[in-house]
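The values are calculated or read from the model by the stated rules, or taken from the named source; none is laboratory data. As the structure is a prediction and not an experimental result, all values here were calculated from the model. Cβ placement follows ideal geometry from the backbone for every residue including glycine, while neighbour counts extend to all protein chains displayed. Areas reflect the complete protein model, heavy atoms only, side chains present, ligands, DNA and RNA absent. Shrake-Rupley method; radii C 1.70, N 1.55, O 1.52, S 1.80 Å.
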Amino acid sequence: MGWDVQLQPIYTGPDRTVKVKDRFAVCRTDRLDQADGGQLGVVGRDYVALQNREAFSFLDPVIGEGAAVYHTAGSLRGGRRVWLLAKLPGIIKVIGEDITEKYVLLSNSHDGTSAVRIGLTPIRVVCQNTLNLALSGMGGVSIRHHGDVVRRVRDAHQLLGMVNESFDQVGSMMQQMARTEIKSDRLREYFEQILPTPKDEGPQKAKVHDRHNRLVELFETGIGQDLPGVGGTVWAGLNAVTQFVDRESYTARNREPLNSIWFGEGERIKRLAFETAAKFSGISLN
């Protein structure tokens, strides 16, 4: 993660001597001698490159105060996206022995596809499944690659108080889900809203039907569903979806499953599952 990026001019024309106006390639400096020149993406003239050490330094003052602990960091797709996970003190006690820990996730892209994002990532201890609220707008922060982006990232540590407040709200929502029973017909409706069944007959319809059946199995026998107070609730339905996404469908068929689980289709499904679980529990997200 110690590598830098820099903007390189782009040339076109028969002899590759005509400079493309207002467009630049973002390249890794440790791979400039590679066949592809270390290129990660193409951006416009207003794009401000943010180095990994600059993006991640926003947590340093918080770490120094003992208000968080660095956990893991990594890169995806050759460095096009980088991320850092930090653990916050305290836990969310949903019901009985069912505990969720609090993390802050920072991600940054070097291909111009997304802003710097900072937000919530609760992780259920019993199975380590993520609920992926980090990029859903709940307590999240989005910083675009324009202007004094470095200063704005460093100032973001001031928002950790808001993050903790948001975690309190999320914990209350989880507890309400665990207090809300769900019957079989409503459970099928819940899964249908998350993974809608195609109207046309065919292989895709059968595939979605199989997924619904698997979700029902995970609702009944998934990891942690046997903890006191969990079974038969909307909370169990949500956790069936998170186990399916994190441990089965989106890990078995992806070269980089974490990219889907945190930033792609898996993240979208889990975010929808959380929002739908809130609705089924009588919780307003407005």
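Given charges of +1 on the Cβ of Lys and Arg and -1 on the Cβ of Asp and Glu, with all other atoms neutral, how large is the dipole of the chain about its Cα centre, in debye to the nearest 20?
The calculation lands at about 620 debye.
Show me the GluC sites (Glu not before Pro) within the range 169-258 that DSSP assigns to loop and that have at most 15 other Cβ atoms within 10 Å of their Cβ.
Within the range 169-258, the qualifying GluC sites (Glu not before Pro) (loop, at most 15 other Cβ atoms within 10 Å) are GLU201.
How large, in Å, is the range 55-128 by the Kirkwood hydrodynamic radius built from its alpha-carbon pairs?
Radius from the Kirkwood sum: 13.5 Å.
Any idea how far the Cα center of the range 1-72 sits from the one of the range 120-134, in Å?
About 29 Å separates the Cα centre of the range 1-72 from the one of the range 120-134.
With 26 Å as the limit, write out which pairs from LYS93/LYS279; LYS93/LYS207; LYS93/LYS270; LYS102/LYS207; LYS183/LYS270 have Cα-Cα distances beyond it, or answer none.
Pairs exceeding 26 Å: LYS93/LYS207; LYS102/LYS207.
For SER114 and ASP33, calculate 0.36 nm times their separation in residues minus their Cα-Cα distance, and state this gained length in nm to one decimal.
26.5 nm
Calculated from DSSP H runs of 4 or more alone, at -39500 (n - 2.57) each and per residue, what is the 222 nm mean residue ellipticity of the chain, nearest 500?
Per the formula, -10500 deg cm²/dmol.
What percent do you get for the relative contact order of the range 72-114 when only Cα pairs under 8 Å and 6+ apart count?
38 percent.
Along the range 170-185, what does the Karplus equation 6.51 cos²θ - 1.76 cosθ + 1.60 (θ = phi - 60°) give for ³J(HN,Hα), rounded to whole Hz, x for Gly and Pro?
Computed from phi, the couplings for the range 170-185 are 4, x, 5, 5, 4, 4, 5, 4, 6, 8, 9, 6, 9, 8, 4, 5 Hz.
Using a 1.4 angstrom probe with every protein chain in place, what is the largest-first accessible-area order of ARG117, ARG179, ARG23?
Most to least solvent-accessible, the answer reads ARG179, ARG23, ARG117.
In the set (i) 38, 25, 15; (ii) 39, 21, 17; (iii) 29, 24, 18, which value of semi-axes √(5λ) of the Cα gyration tensor in Å was calculated from the structure you see?
Here the calculated entry is (i).
In the chain, what percent of the accessible surface is made up of carbon and sulfur (1.4 Å probe, ligands and nucleic acids excluded)?
Result for the chain: 48 percent of the exposed heavy-atom area is carbon or sulfur.
Please compute the length gained on full extension between ASP15 and GLU256, using 0.36 nm multiplied by the number of residues separating them and subtracting their Cα-Cα distance.
Full extension of this stretch gives 83.0 nm more.
Please list 265-278, 43-56 highest first by mean number of surrounding beta-carbon atoms within 10 Å per residue.
265-278, 43-56
Among 12-18, 93-99, what's the highest-first ranking by average C-beta atoms within 10 angstrom per residue?
Most protected by this proxy first, the peptides run 93-99, 12-18.
Which order do the peptides 194-200, 237-243 come out in when sorted by mean C-beta neighbours inside 10 angstrom, highest first?
Packing proxy ranking, top to bottom: 237-243, 194-200.
How high is the relative contact order of the chain? Use alpha-carbon pairs under 8 Å, at least six apart in sequence, and give a whole percent.
Across the chain, relative contact order equals 13 percent.
GLU248 to GLU165: FRET efficiency via 1/(1 + (r/R0)^6), r the Cβ-Cβ distance, R0 25 Å, to the nearest 0.05?
Computed FRET efficiency for GLU248 and GLU165: 0.15.
Within the range 70-116, list the chymotrypsin sites (Phe, Trp or Tyr not before Pro) lying in a DSSP loop whose Cβ has at most 13 other Cβ atoms in a 10 Å radius.
none
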